[in-house]
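*Asks:* The structure's right below; bear with me while I get my questions together.
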Amino acid sequence: CDGKLHDKKYTEYSRVILAWTALGRDAADVGGFNLLIPLADFDQTVFQGINGPIFALLALDSGAYDIPENTAGTTQATRDGYVDYILNAELPGGGWSFAGGDPETDITAMALQALAKYRDRQNVADAVERGLTVLSQQQEENGGFVAYESESSESIAQVIVALTELGVPLDDERFVKNGITVEDALLRFAQGSGAFIHVL
């Protein structure tokens with residue numbers, strides 16, 4: 001596709017960058033294409049909402065990539081710009097959601113993952129603490145998390161990634177309910193084959 005993954009959803013670039021980097025490859029050269037270039041376009045990256053800057057920071061930081069110069073004639077992206085977008089989307093009581101309303105487990109956990117490396121900024125550190133409080137309050141008595149009307153391994157996994165990225169032990173008292181940790185909750189979804197199911 002001449003290096004064009006999507007006209008509007010720039011998370012497509014971020015997700016491929018994450019996968020490519022995890023394979024030990026350079027996202028600046030994927031079949032001769034630099035997949036980092038789209039993330040230099042701040043306006044297009046945030047077009048789809050909070051997912052855009054979250055995934056962009058995760059992708060950029062996965063390989064400690066420099067943001068290329070934006071040649072599209074729109075706003076030049078910066079890490080601080082993406083961080084500020086996420087902070088400005090924080091809900092009044094803490095946490096984040098995709099479409100407004102109450103905080104959502106998955107989006108809040110993803111935002112915390114993206115912000116983890118920027119806690120030297122006090123406003124980021126404060127937002128992270130509020131987000132952790134929200135997630136702790138959302139944890140069910142069985143250690144799991146309900147999102148979109150069902151308890152899923154995905155939501156639990158997002159919280160585990162957020163906690164580990166932030167250096168919070170999985171047996172932190174804020175995330176242990178009735179003696180059940182988030183790890184215990186995730187293992188309920190494990191199958192004999194070694195696979196994990198999405199919902200019980």
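*Asks:* Out of Leu5, Leu39, Leu35, report the one residue that is aliphatic (A, V, I, L, M), at pLDDT below 95 and closer than 28 Å to Ala89 by Cα.
*Replies:* Being aliphatic (A, V, I, L, M), at pLDDT below 95 and closer than 28 Å to Ala89 by Cα holds for just one of Leu5, Leu39, Leu35, which is Leu5.
*Asks:* Looking at Ala147, Ala111, Ala125, Ala185, which is the one that is under 28 Å from Ala64 (Cα atoms), touching a residue at least 12 places away in the same chain (Cβ under 8 Å) and among the small types (Gly, Ala, Ser)?
*Replies:* After ruling out the rest, the residue left standing is Ala111.
*Asks:* From the set of residues in segment 61-90 that are at pLDDT 95 or above and of a type in the set (Gly, Ala, Ser), which is least open to solvent (accessible area, probe 1.4 Å)?
*Replies:* That would be Ala77.
*Asks:* Evaluate segment 54-71: report whether one residue or more is free of Cβ contacts under 8 Å to residues at least 12 places away in the same chain, within 22 Å of Asp126 (Cβ to Cβ) and acidic (Asp, Glu).
*Replies:* No, every residue in segment 54-71 fails to be free of Cβ contacts under 8 Å to residues at least 12 places away in the same chain, within 22 Å of Asp126 (Cβ to Cβ) and acidic (Asp, Glu).
*Asks:* Restricting to segment 91-125, name every residue that is among the β-branched types (Val, Ile, Thr) and surrounded by fewer than 15 Cβ atoms within 10 Å (Cβ to Cβ).
*Replies:* The answer is none; no residue qualifies.
*Asks:* Also: Condition check: among the β-branched types (Val, Ile, Thr) and over 16 Å from the mean Cα position of the chain (by Cα). Does Val146 satisfy that?
*Replies:* When the stated conditions are applied, Val146 passes them.
*Asks:* Looking at Val199, Val159, which is the one that is within 19 Å of the chain's Cα centre (by Cα) and of a type in the set (A, V, I, L, M, F, W, C)?
*Replies:* The match here is Val159.
*Asks:* In addition: How many residues, within segment 178-192, are part of a loop (DSSP other than H, G, I, E, B) and within 15 Å of Ser155 (Cβ to Cβ)?
*Replies:* 2
*Asks:* Looking only at segment 126-156, how many residues end up being at pLDDT below 95 and open to solvent by less than 20 Å² (accessible area, probe 1.4 Å)?
*Replies:* Final tally of qualifying residues: 1.
*Asks:* Looking only at segment 22-43, how many residues end up being surrounded by 22 or more Cβ atoms within 10 Å (Cβ to Cβ) and part of a helix (DSSP H, G or I)?
*Replies:* 4
*Asks:* Let me ask something additional. Of the residues that sit in segment 171-185 and are of a type outside the set (Val, Ile, Thr) and open to solvent by 40 Å² or more (accessible area, probe 1.4 Å), which one is nearest to Ala111 (Cα to Cα)?
*Replies:* Result: Arg174.
*Asks:* Moving to a separate point now. Please determine, by comparing only the residues of segment 157-166 that are in contact (Cβ under 8 Å) with a residue 12 or more places away in the chain and not charged (D, E, K, R), which one is surrounded by the most Cβ atoms within 10 Å (Cβ to Cβ).
*Replies:* Among residues in segment 157-166 that are in contact (Cβ under 8 Å) with a residue 12 or more places away in the chain and not charged (D, E, K, R), the one surrounded by the most Cβ atoms within 10 Å (Cβ to Cβ) is Val159.
*Asks:* OK, next. Just name the residue that is modelled with the lowest pLDDT out of those in segment 44-60 that are farther than 21 Å from Trp20 by Cα and open to solvent by 30 Å² or more (accessible area, probe 1.4 Å).
*Replies:* Within segment 44-60, the match that is modelled with the lowest pLDDT is Gln48.
*Asks:* Condition check: free of Cβ contacts under 8 Å to residues at least 60 places away in the same chain, open to solvent by 40 Å² or more (accessible area, probe 1.4 Å), among the polar types (S, T, N, Q) and within 24 Å of Ile50 (Cβ to Cβ). Does Ser193 satisfy that?
*Replies:* Considered against the rule, which asks whether it is free of Cβ contacts under 8 Å to residues at least 60 places away in the same chain, open to solvent by 40 Å² or more (accessible area, probe 1.4 Å), among the polar types (S, T, N, Q) and within 24 Å of Ile50 (Cβ to Cβ), Ser193 comes out as no.
The values are calculated or read from the model by the stated rules, or taken from the named source; none is laboratory data. Since the structure is predicted, the reported quantities are computational estimates derived from the model, not experimental observations. So basically every Cβ, Gly included, is an ideal-geometry build from the backbone, and we count neighbours across all protein chains shown. Calculation scope for accessible area: heavy atoms of the full protein, side chains included, ligands and nucleic acids excluded. Shrake-Rupley method; radii C 1.70, N 1.55, O 1.52, S 1.80 Å.
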